[in-house]
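Asks: Got a structure for you, questions after.
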Amino acid sequence: MFSGRMNRRRFSDLTEQEILALAISSEEDDARIYRLYAQRLRPDFPESAAMFDEMAAEEDDHHRALITMHQKRFGDVIPLIRREHVSGFYARRPVWLVENLSLETMRGEAAKMEHDAAAFYTKAAQYSSDAQTRQLLNELAAAEAGHENRAEGLHENLTGEAGEEENRAAHRQFVLTWVQPGLAGLMDGSVSTLAPIFAVAFATGDTWTTFLVGLAASVGAGISMGFTEAASDDGELSGRGSPVKRGFASGIMTTVGGLGHALPYLITDFWTATTIAILVVFIELWAIAWIQNRFMDTPFLRATFQVVLGGALVFAAGVLIGGG
């Protein structure tokens with residue numbers, strides 16, 4: 001690893017031919033990344049996909065202009081030099097390798113790519129002694145800066161109906177992949193662990209034992225819910241997105257829901273811990289009702305009635321069983 005870094009060239013040591021070769025390879029890489037983004041977005045976000053196609057085509061134009069300049073000054077043989085061969089040169093984060101990138105992530109990565117490219121061309125122009133080459137590099141710097149603004153405002157550049165439709169689709173995908181499984185996990189963790197935790201609390205009166213049972217129940221339920229969600233649907237037909245993401249969302253929120261009213265039992269005084277735990281349960285149930293109303297379009301009163309009534313029944317069962 002260290003020897004690879006030590007063998008890199010410093011940018012200031014590159015010849016003008018090598019700088020042009022570096023620009024050529026960078027433009028080729030960026031065009032391929034944009035086309036990959038476009039391919040992945042095309043089924044659900046055709047307007048954004050078309051814009052990435054256009055950006056890729058413009059990168060191709062830059063690529064051809066740079067090759068023409070290289071042929072004019074140095075001939076047809078282009079040195080093999082890439083970003084990873086230059087010390088301190090900007091690198092492309094390999095997020096494009098991830099299969100299920102969100103639209104917003106692609107927009108952000110595109111803006112960063114263009115910002116880095118504009119900075120490179122500005123710096124490269126300073127090292128060029130040839131007037132035509134310097135002019136070309138400055139023009140490319142300006143073009144990449146324009147691309148950065150375009151990428152940052154990609155959703156604003158879409159036509160009205162298309163932009164609204166893509167935003168709705170992105171929101172729908174966010175709800176299906178993250179909110180829905182996370183909400184299911186939070187409900188399961190918050191409600192299903194009520195009975196065992198409060199049953200142990202009122203049966204033993206021991207806060208430490210209650211905490212251990214609550215911890216075990218929360219973590220166990222989180223693992224179970226996470227694997228169940230991930231294995232239940234691969235997302236291909238349902239369009240619910242990555243099963244790994246859904247599994248993490250469901251598992252983590254299940255654990256959080258259970259731990260919320262288990263952690264107060266780290267307090268040694270039983271009634272203080274129980275009072276705080278009951279308060280936490282109240283907050284959890286209201287949070288679930290709010291999420292249902294905010295993201296699932298469930299009427300607030302209906303969501304409140306369902307969640308609070310269900311939670312109250314489970315809580316009462318735990319207290320009765322433990323107190324009996």
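Quick note: the coordinates plus some simple rules give every number you see, no bench work behind them. The shown structure was predicted, so the numbers you read here are calculated from the model rather than taken from an experiment. Glycine also receives a Cβ, built like all others from the backbone with ideal geometry; neighbour counts cover every protein chain displayed.
Asks: How much length is gained on full extension from Val77 to Val219, taking 0.36 nm per residue of separation minus their Cα-Cα distance?
Replies: Details: separation 142, 0.36 × 142 = 51.12 nm, distance 6.06 nm.
Length difference between fully extended and current span is 45.1 nm.
Asks: Pull out a ≥ b ≥ c, the square roots of the eigenvalues of the alpha-carbon gyration tensor of the range 240-312, then state rounded if a/c is under 1.5, prolate if not and a/b is larger than b/c, and oblate in the remaining case.
Replies: Here the range 240-312 falls in the oblate category.
Asks: Now for a separate question. Would any residue of the range 255-298 have its amide N under 19 Å from a label point 7 Å out along Cα→Cβ of Trp208? List them or say none.
Replies: 262-274
Asks: If you don't mind, there's one more thing I want to ask. Spin-label point model (7 Å from Cα, Cβ direction): what's the Asp13 to Ala287 distance in nm?
Replies: Here the modelled spin labels are 5.4 nm apart.
Asks: Using a basic spin-label model with each label point 7 Å from the Cα along Cα→Cβ, how many nm lie between Leu266 and Val308?
Replies: Here the answer is 3.0 nm between the modelled labels.
Asks: Counting Lys and Arg as +1 and Asp and Glu as -1, what is the net charge of the other residues whose Cβ lies under 12 Å from the Cβ of Thr122?
Replies: Computed value for this residue: -1.
Asks: Amide H of Thr298: which non-local residues (sequence gap of 5 or more, or other chain) have their own amide H closer than 5 Å, using H built in the peptide plane?
Replies: For Thr298, the qualifying residues are Asn293.
Asks: Moving to a separate point now. Figure the gain on full extension for Ala57 and Glu139 (residue separation times 0.36 nm, minus the Cα-Cα span) and round it to one decimal in nm.
Replies: Full extension of this stretch gives 27.9 nm more.
Asks: Please order Asp61, Asp30, Asp44, Asp76 by the number of other Cβ within 10 Å, starting at the fewest.
Replies: Asp76, Asp61, Asp44, Asp30
Asks: So how far apart, in nm, are the two label points at Ile321 and Asp44 if each is 7 Å from Cα heading toward Cβ?
Replies: My value for the distance between the label points is 3.9 nm.
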